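J.: Pasting in a structure now, in structure tokens, and then I'll have a few things to ask.
The values are calculated or read from the model by the stated rules, or taken from the named source; none is laboratory data. Worth saying up front: this structure is predicted, and the values here are computed from it rather than measured. Cβ coordinates were reconstructed from backbone atoms using ideal geometry, including for glycine residues, and neighbour counts include every protein chain displayed. What goes into the accessible areas is simple: the full protein's heavy atoms, side chains included, and nothing from ligands, DNA or RNA. Shrake-Rupley method; radii C 1.70, N 1.55, O 1.52, S 1.80 Å.
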Amino acid sequence: MTALDQARSLLARAKEQKAARLREAEEEAAAVRTVPAPRTTETRVQQALDTATVERALPTLPAVSELLSGSLKGGSVYSVRGSTALVMAMMAGPSAEGAWCGVVGLPSFGAEAARALGVDLERLVLVPDPERDWLSVVAALVDALTVVVVRPPGVVTPGEASRLAARLRTRGAMLIAVGSWPGSEARLEVQGNVWTGLGAGEGYLAGRQATVAVTSRGAARQHQLWLPAVDGSIRSVRPIDLVQPGDPGRAVESGRVVESGRAVGSGRPGDLGRPLDSGWPLGAGQPGDERWEAVG
């Protein structure tokens, strides 16, 4: 069975379950409390279908609003390069306000990392490997969910983008493309990272200052974002927060941990004098603390 067949079957079963529950409710006395159906993926998708609404402005984290100079827009596509954490931050605002989200084509997507950044896992649908039917799977999920994230397996043609754009506008849903996407509302790319938390080499990577380039309507600008801050929050970097290269035990840049201008390792105790990319690569999301799993 293909991924598209699975998506269609999932939605069909959800509708059947809804019809069955309605029949049972009609047969029971009004005073009898009905037992809720198990929270399977099918029922969760159907709940999303029942509660989906067309909205032009989606709830947005303040930091993301500052990054985009406005709210996220339903019916639009945003393309993101260089950071899974930035994708999660864009999902977090709508998810926290009750929106259903889906992730397609990202088998290494870290659900726990997403939860730590504010994504509600109770309203998250994952399709790790859609195979060749990725576009049809995304189209099916757009009909049910408010936010859909997809990593296309190859180059997206203008025709494919146009067909999906019409569906997005009809539903008021938002698409976040990991990589390039024709006609996107805005293109976001993490161009640099500075990590904090090492101490003198005995600590763990704790917070990241990301330099994000945003291109929208032909205009380009840069914005610095805590992604996340040491306390786990997502917020803009203030001038007092800026980490300068050479600050003792604080900076990670260009793939190396820097302490007083020299490489000191990957942020694990006793791991001195080793380039960061010989442990886990910058942006790949493999720090020792499992809370950071799959955050890029």
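J.: Write down the accessible area per residue of region 85-169 in Å², having rolled a 1.4 Å probe over the full set of protein chains.
T.: Accessible area per residue: 39 Å².
J.: How large is the accessible surface of Glu189 in square angstrom, using a 1.4 angstrom probe and rounding to the nearest 10?
T.: For Glu189, solvent-accessible area is about 80 Å².
J.: Return the distance in nm (one decimal) between the two label points of a simple spin-label model at Gln222 and Glu97, each offset 7 Å from Cα along Cα→Cβ.
T.: Reported label-point gap for Gln222 and Glu97 is 3.1 nm.
J.: In what sequence, highest mean first, do 144-153, 221-230 appear when ranked by Cβ atoms within 10 angstrom?
T.: 144-153, 221-230
J.: Keeping all protein chains in place and using 1.4 angstrom, which order do Glu97, Glu185 fall into by accessible surface area, from largest down?
T.: Sorted by accessible area, descending: Glu97, Glu185.
J.: Extension gain Thr157-Ser236, at 0.36 nm per residue separation less the Cα-Cα distance, in nm?
T.: Gain on extension, Thr157 to Ser236, equals 25.0 nm.
J.: Next question, about the same structure. For region 102-166, with all protein chains present and a 1.4 Å probe, just round the carbon and sulfur fraction of the accessible area to a whole percent.
T.: Heavy-atom surface of region 102-166 belonging to carbon and sulfur, 1.4 Å probe: 52 percent.
J.: Continuing with this model, one more query. Please give the FRET efficiency for Ser69 paired with Thr170, using the beta carbon to beta carbon distance and R0 = 25 Å, rounded to the nearest 0.05.
T.: The pair Ser69/Thr170 has a calculated efficiency of 0.45.
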